[in-house]
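Let me begin by presenting the structure, written as structure tokens, before commenting on it.
The values are calculated or read from the model by the stated rules, or taken from the named source; none is laboratory data. In this text, all values refer to a predicted model and were calculated from it rather than measured experimentally. Neighbour counts run over all protein chains shown; Cβ positions are idealised from the backbone, glycine included.
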Amino acid sequence: MITTRQTLQRSALLAIGLLALTGGQALAQSYVFSDLGTVNGANDGFLAYRVNSQGTIAGNQNVAVNDGQGTPFLISVPAVLNSNGVSHLDPLPGMTTSQNWAFNDAGQSAGSSGNADLAISSPVRWDGTTPVPLETLGFGGESSAYHINNQAQLVGQSWTGESLHAVRWDGTAITDLGTLGGTSSSADSISELGDIVVGRAQTTNDEAEHAVYWDSLGIHDLGTLGGTDSYSLILNDSHQIVGASQLSGDDVSHAALWNGLGAPSVDLGSLGGDSIAWFINNAGTIVGESTMADGTTHATLWENGLPIDLNDYLPTELRVGGWYMGSAQAINEHGAIVGWLNHVDPTNTAGASFLLTPVPVPAAVWLFGTGLVGLAGLARRRMKGTA
């Protein structure tokens, strides 16, 4: 196991630096693993959600604070990790907690800032570490931005006063995207051109929740894999959409792909149990998680329609120490993957993350020759219901 914080920090910085040296993911034959200094290191408690094209990683960090009576407890603080370390994002004035869900290439983040005691939250765009409040449909309730594109257009959910509706923000101005006739909906991703939004919406009489997309003509039902419910989470520039759907009988949910707007859903399969696809990049590479026979979830990569357990790239030292890669949350255009490390000890809840950097064969050979792979090798997401 890793024994010094200094080694962890060097490993994390090296792994982030490698993102600038690797070519397109089509050339990747292997991955360099880093825990980003989150296992007993300077960045412990950091949970990665997104990695942009510059290799900067956004997420949330669990930080221990004192309750004023000598008892520590964890709070989640939105954070950004780059070669300079972790930077925390400021909450809105008067708010005590925040969550960071998305990140763009310009360094802007999307999420929420709220007060847990009052059960309220407001949607936020962060420009760097500075919070910018976004409009809401009603007062009170819990509203949040879930995705931001490189044009600083955002989508998410807003409390209407009675329920949560899918919304988009252009600047800070809000637009209600509506539902499929039911009570609630959620917008989870917006295209780079801002013309397509994907998410989920309840059907008439709230009988089901279906994956949907919105365009200039309104809302469109993407259907399911034969079960009752489905949801779409992200789309790429080719309008390929991924998410998950219940299968017939509703006992199992599998990662799903809609290979274009209005295309039928494709079952991506799993590693044995349930699965979900969290992200797809413009090369069509999909990452997410899948449940194993022992009930744990493993970070999963789908290539050519087949699921691959990313724990094949987990260093032996961490595996022996009880760690495993539980979920792959995102993949950028260079093929770099970020996600969460879980521990077999359920009391180990501080949180840890991983970065898998693709390495072309010649570069991999060079790294082995210089010993850098050994150095780099030493080194959970939202599924928020639409109530």
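Quick notes on this one:
- Test: residue in region 324-339 that is aromatic (F, W, Y), modelled with pLDDT of 95 or more, farther than 29 Å from S144 by Cα and within 20 Å of the chain's Cα centre (by Cα): yes
- Which listed residue, of G262, G226, G273, is at pLDDT below 95 and surrounded by fewer than 24 Cβ atoms within 10 Å (Cβ to Cβ): G262
Yes/no matrix, rows are residues, columns are (1) over 21 Å from G273 (Cβ atoms); (2) touching a helix residue (DSSP H, G or I) at 6+ places or on another chain (Cβ under 6 Å); (3) aliphatic (A, V, I, L, M):
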{"site": "E207", "(1), (2), (3)": "yes, no, no"}
{"site": "V212", "(1), (2), (3)": "yes, no, yes"}
{"site": "T224", "(1), (2), (3)": "no, no, no"}
{"site": "A244", "(1), (2), (3)": "no, no, yes"}
{"site": "S248", "(1), (2), (3)": "no, no, no"}
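- Flag if G374 is modelled with pLDDT of 95 or more and not in a loop (DSSP other than H, G, I, E, B): no
- In region 288-314, residue surrounded by the fewest Cβ atoms within 10 Å (Cβ to Cβ) [restricted to those that are of a type in the set (V, I, T) and within 16 Å of S30 (Cα to Cα)]: I308
- In region 211-223, the condition of being closer than 25 Å to N52 by Cα, touching a Leu at 6+ places or on another chain (Cβ under 9 Å) and part of a strand (DSSP E or B) is met by at least one residue.
- Among all residues of region 179-189, there is none that is out of contact with any Pro (no Cβ under 7 Å at 6 or more places or on another chain), outside any strand (DSSP E or B) and surrounded by fewer than 23 Cβ atoms within 10 Å (Cβ to Cβ).
- Members of region 314-334 found to be closer than 19 Å to I276 by Cα and not aromatic (F, W, Y), listed by number: M325, G326, S327, A328, Q329, A330, I331, N332
- When region 293-320 is filtered for residues that are of a type outside the set (S, T, N, Q), at pLDDT 95 or above and outside any helix (DSSP H, G or I), the ones remaining, listed by number, are H298, A299, L301, W302, P307, I308, D309, L314, P315.
- Residues of region 61-77 that turn out to be surrounded by 14 or more Cβ atoms within 10 Å (Cβ to Cβ) and either over 20 Å from the mean Cα position of the chain (by Cα) or modelled with pLDDT of 95 or more (or both), as a count: 1
- For I120, the criteria (1) closer than 21 Å to Q108 by Cα; (2) at pLDDT below 95 hold in every case but one, which is (1).
- Residues located in region 315-331, provided they are farther than 20 Å from M292 by Cβ and surrounded by 23 or more Cβ atoms within 10 Å (Cβ to Cβ): A330, I331
- Residue count for region 108-163 satisfying the condition of being farther than 20 Å from Y49 by Cα and among the polar types (S, T, N, Q): 5.
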